Amino acid sequence: GSGGGLQGVQVLMTVGPTREAIDPVRFIGNRSSGKMGYALAAALQQRGAQVTAVAGPTSIAPGPGLAPIAVESALEMEAEVMERVTDCQMFIAAAAVADYRPETSASAKIKKDADSIGLRLVRNPDILARVAALDKPPFTVGFAAETDQVEVHARAKLEAKRLSMIAANQVGSGEGGFESDRNALICLWREGRRELPMMPKPALAAALAALIEERYGAQIAG
Ligand code: C5P
């Protein structure tokens with residue numbers, strides 16, 4: 001798009017799930033499709049943004065104007081993000097990053113000899129919190145999937161991670177969420193909120209991109 005309000009703004013995004021290796025053939029994953037992330041990337045591009053995406057393995061294809069940097073694990077995603085984030089005015093964390101990874105990944109396929117085996121997990125770094133804690137952080141946008149008290153938990157995350165904005169959705173009951181084609185969001189920033197009602201993900205992404213542009217503009221002006 002030409003003349004969009006995000007013309008020339010460099011946006012770095014994370015998209016999709018991560019895979020945390022257990023051995024060469026097995027991993028811990030999650031149900032993130034990457035749909036919302038790629039739809040948001042396209043909507044931001046339409047507003048003139050220069051979007052770079054660091055993406056875990058998704059089942060869907062990115063938009064035609066996007067050549068994602070492909071990663072698997074949270075640690076790989078973190079490394080690619082930290083390498084690029086200082087050049088960006090905005091960071092949007094749309095990925096479903098695994099909170100934990102296996103402490104060690106076996107170098108050979110684990111055999112089914114034992115009746116039971118244990119898997120010790122260690123915390124992954126919080127990529128979004130790390131970016132937001134930089135000396136000169138970009139405008140940061142996070143997502144939050146909550147099962148209950150969506151707005152309370154999302155506002156707590158906004159403040160704990162010191163984000164510019166957070167987009168929260170209810171998961172685990174009714175419509176919306178990870179594998180759905182539709183979703184609704186409650187968007188929060190320090191001084192305000194806006195509800196984006198249940199709609200198809202491309203339309204929701206367009207509405208969210210418009211709000212991100214608005215809040216980014218307000219921050220620059222303020
Ligand atoms: O705290 P919670 O995992 O709910 O926060 C979700 C937000 O934080 C999402 O924007 C997600 O992309 C980001 N995140 C991250 N790195 C992690 C965990 C979450 O960037 N390790």
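The values are calculated or read from the model by the stated rules, or taken from the named source; none is laboratory data. Not measured: the values here are computed from a predicted model. Reconstructed Cβ throughout: ideal geometry from the backbone, glycine too, with neighbour counts over all protein chains shown. Ligands, DNA and RNA are stripped out before the accessible areas are found, and what is left, the full protein with its side chains, is counted by its heavy atoms. Shrake-Rupley method; radii C 1.70, N 1.55, O 1.52, S 1.80 Å.
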Exercise. Has the stretch 172-182 got any residue that is out of contact with any strand residue (DSSP E or B) (no Cβ under 7 Å at 6 or more places or on another chain), more than 30 Å from Ile22 (Cα to Cα), surrounded by fewer than 13 Cβ atoms within 10 Å (Cβ to Cβ) and in contact (Cβ under 8 Å) with a residue 12 or more places away in the chain?
Worked result: yes
Problem set entry | Selection status of Phe178, among the hydrophobic types (A, V, I, L, M, F, W, C), at pLDDT below 95 and within 16 Å of Leu40 (Cα to Cα) | yes
For this session: Could you grab me the full set of residues in the stretch 61-99 that are more than 15 Å from Gln10 (Cβ to Cβ) and within 9 Å of the ligand (Cβ to nearest atom)?
Result: Ala74, Met77, Glu78, Ala93, Ala94, Ala95, Ala96, Val97, Ala98, Asp99
Exercise. Out of (1) part of a loop (DSSP other than H, G, I, E, B); (2) open to solvent by 80 Å² or more (accessible area, probe 1.4 Å); (3) over 23 Å from Val11 (Cα atoms); (4) within 16 Å of the ligand (Cβ to nearest atom), what's the single condition that is false for Val152?
Worked result: (1)
For this session: Report yes if some residue within the stretch 102-124 is within 20 Å of Leu158 (Cα to Cα), under 14 Å from the mean Cα position of the chain (by Cα) and surrounded by 11 or more Cβ atoms within 10 Å (Cβ to Cβ); otherwise report no.
Result: no
Seminar exercise, completed: Going through (1) within 17 Å of Met13 (Cβ to Cβ); (2) open to solvent by less than 40 Å² (accessible area, probe 1.4 Å); (3) out of contact with any Cys (no Cβ under 6 Å at 6 or more places or on another chain) one by one, Ala167 fails only at (3)
Problem set entry | Residues that are closer than 20 Å to Glu80 by Cα and open to solvent by 20 Å² or more (accessible area, probe 1.4 Å), drawn from the stretch 39-50 | Gln50
Exercise. If we scan the stretch 215-222, do we find a residue that is in contact with a Gly (Cβ under 8 Å, 6 or more places away or on another chain), open to solvent by 10 Å² or more (accessible area, probe 1.4 Å) and either more than 10 Å from the ligand (Cβ to nearest atom) or among the β-branched types (Val, Ile, Thr) (or both)?
Worked result: yes
Seminar exercise, completed: Exactly one of Leu119, Leu185, Leu163 is in contact with a helix residue (DSSP H, G or I) (Cβ under 8 Å, 6 or more places away or on another chain) and part of a loop (DSSP other than H, G, I, E, B), and that one is Leu163
